[in-house]
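J.: Once you've had a glance at the structure underneath, I'll fire off some questions.
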Amino acid sequence: MPEPREAAPWPYTSLLLFGFFGADTPEGRRLARRTTGALALTVASLIGLQIVSPGGPAAAVLALLAPVGVVGVGVAYARYLAALDELARLLQLKAFALAYGVVMALGMAGVAVAMAGGWRLGARGLYSLLVLAEPLRGAALAYLAKRHA
Amino acid sequence: MKNRIRVLRAELGWSQAELAERLGVSRQTVNAIENDRYDPSLPLAFALSRVFHLPIERIFIDEDGDAAGG
């Protein structure tokens, strides 16, 4: 007679909304803390760029800080991935590949259409695409986890 | 790839959480392997072999042929 199956549900809410396996582990808490700090830096620098006059030294410093924050998020995720077990790491990497692949394809399509139509693409449009990548990644992560439940 | 992990675990009276702790993976990973939703890496397969004191071919079943070790 087969042994009864135990349920081991994934943290779907956290996967879908925040794109990680939750803050109930030390590595999860570290990721949350580091990404919050890095994103705050990026958002603050982008807001600052709207306020300061363009072309000045303040604008140059703020322009450098925005990508530094994004690099910080990348480093935080690299450390998080290293701390995960093999299945969780695989799911995260697949979700990243899927979401950012779709976003890159959309971006390339947008650029191609804009070039064909003679339109100019604004920086806000490109930023919007990057922002779209994260909910897409969360959805991909929840879907992939469901397939491994 | 099919495996006998659920049966072996039950024989030892271990929960998924206990096996997961011994293997250093999450309970979801143990569950996915037991349900044939995920084939573990070679290092994890060897870790299973160590915790069950069985050769890998007695834990995993090669569906393309006989059980790997017969």
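J.: Residue by residue through region A:66-74, which ³J(HN,Hα) values in whole Hz follow from phi under the Karplus form 6.51 cos²θ - 1.76 cosθ + 1.60 (θ = phi - 60°), with glycine and proline marked x?
T.: Karplus-based 3J(HN,Hα) across region A:66-74 equals 4, x, 4, x, 5, 4, x, 5, x Hz.
J.: Oh, and also: With +1 on each Lys and Arg Cβ and -1 on each Asp and Glu Cβ, how big is the dipole of chain B about its Cα centre, in debye rounded to the nearest 20?
T.: Dipole about the Cα centre, nearest 20: 320 debye.
J.: Set Lys and Arg Cβ to +1 and Asp and Glu Cβ to -1, take the dipole of chain A about its Cα centre, and tell me which of A:Phe20, A:Leu129, A:Ala32 lies farthest positive.
T.: Going by the Cα projections, it comes out as A:Leu129.
J.: Using a probe radius of 1.4 Å on protein heavy atoms only, what is the accessible area buried between chains A and B, both sides summed, to the nearest 100 Å²?
T.: 1600
J.: Under 19 Å from a point 7 Å along the Cα-to-Cβ line of B:Glu18: which residues of region A:5-36 have their amide N that close?
T.: Counting only backbone N, you get A:5-8.
J.: Hey, what do the phi angles of region A:84-99 turn into as Karplus ³J(HN,Hα) couplings, whole Hz, using 6.51/-1.76/1.60 and θ = phi - 60°, x for Gly and Pro?
T.: Values per residue, Gly and Pro as x: 7, 7, 5, 6, 4, 5, 4, 4, 4, 5, 5, 5, 4, 4, 5, 5 Hz.
J.: Please give the per residue accessible area of chain A, computed with a probe of 1.4 Å over protein heavy atoms only, in Å². Walk me through the intermediate numbers first.
T.: Working: 9170 Å² over 149 residues.
Computed with neighbouring chains in place, this is 62 Å² per residue.
J.: Would you calculate, for chain B, the mean residue ellipticity at 222 nm contributed by helices, counting each DSSP H stretch of 4 or more residues as -39,500 (n - 2.57) and dividing by all residues, to the nearest 500? Working shown, then result.
T.: Details: 4 runs with 35 residues, N = 70.
After summing the helix terms and dividing by the residues of chain B, the value is -14000 deg cm²/dmol.
J.: Further question on the same structure: Would you mind computing, in nm to one decimal, how far apart the modelled labels at A:Val68 and A:Val113 are, each placed 7 Å from Cα along Cα→Cβ?
T.: Here the modelled spin labels are 3.7 nm apart.
J.: Given a cut-off of 26 Å, what percent of all Cα-Cα pairs of region A:10-149 lie beyond it?
T.: 35
J.: For chain A, with only Lys/Arg (+1) and Asp/Glu (-1) charged at the beta-carbon, what is the dipole magnitude about the Cα centre, in debye rounded to 20?
T.: Working: 13 positive and 7 negative charges, 52 e Å.
That gives a dipole near 260 debye.
J.: To continue, here is another question. Please report Rg (one decimal) and Dmax (integer) in Å for the Cα set of region A:76-149.
T.: Rg and Dmax of region A:76-149, Cα atoms, are 15.4, 48 Å.
J.: Give me the percent of accessible area attributable to carbon and sulfur for chain B, probe 1.4 angstrom.
T.: Exposed carbon and sulfur together represent 49 percent of the surface.
J.: Let me ask you something else. What order do A:Leu81, A:Leu126, A:Leu65 take when sorted by accessible area (1.4 Å probe), most exposed first?
T.: If we order A:Leu81, A:Leu126, A:Leu65 from most to least accessible, we get A:Leu126, A:Leu65, A:Leu81.
J.: For A:Phe21, what accessible area in Å² do you get when you roll a 1.4 Å probe over the heavy atoms of the protein chains, rounding to the nearest 10?
T.: 30
J.: Here's another thing I want to ask about it. Compare B:Asp64, B:Asp36, A:Asp24, A:Asp85 by solvent-accessible area with a 1.4 Å probe and give them largest first, with all protein chains kept in place. Mind dumping the intermediate values first?
T.: On the way: B:Asp64 150, B:Asp36 60, A:Asp24 120, A:Asp85 20 Å².
Highest to lowest solvent-accessible surface, that is B:Asp64, A:Asp24, B:Asp36, A:Asp85.
J.: Quick one: Karplus J couplings for region B:48-55, per residue in order, coefficients 6.51, -1.76, 1.60, θ = phi - 60°, nearest Hz, x for Gly and Pro?
T.: With the stated coefficients, region B:48-55 comes to 4, 4, 5, 6, 8, 6, 9, x Hz.
J.: Could you estimate the translational diffusion coefficient of chain B from the Stokes-Einstein equation, with Rh from the Kirkwood formula over C-alpha pairs, at 25 °C and 0.890 mPa s, in whole µm²/s?
T.: Result for D is 204 µm²/s.
J.: Give the ranking of A:Ile51, B:Ile33, B:Ile56 by solvent-accessible surface, highest area first, calculated with a 1.4 Å probe.
T.: Details: A:Ile51 135, B:Ile33 5, B:Ile56 40 Å².
Descending accessible area places them as A:Ile51, B:Ile56, B:Ile33.
The values are calculated or read from the model by the stated rules, or taken from the named source; none is laboratory data. The model shown is predicted, which means the values in this text are computed figures rather than measured ones. Here Cβ is always computed from backbone atoms with ideal geometry, including for glycine, and neighbour counts include all displayed protein chains. Only protein heavy atoms, including side chains, enter the accessible area calculation; ligands, DNA and RNA are left aside. Shrake-Rupley method; radii C 1.70, N 1.55, O 1.52, S 1.80 Å.
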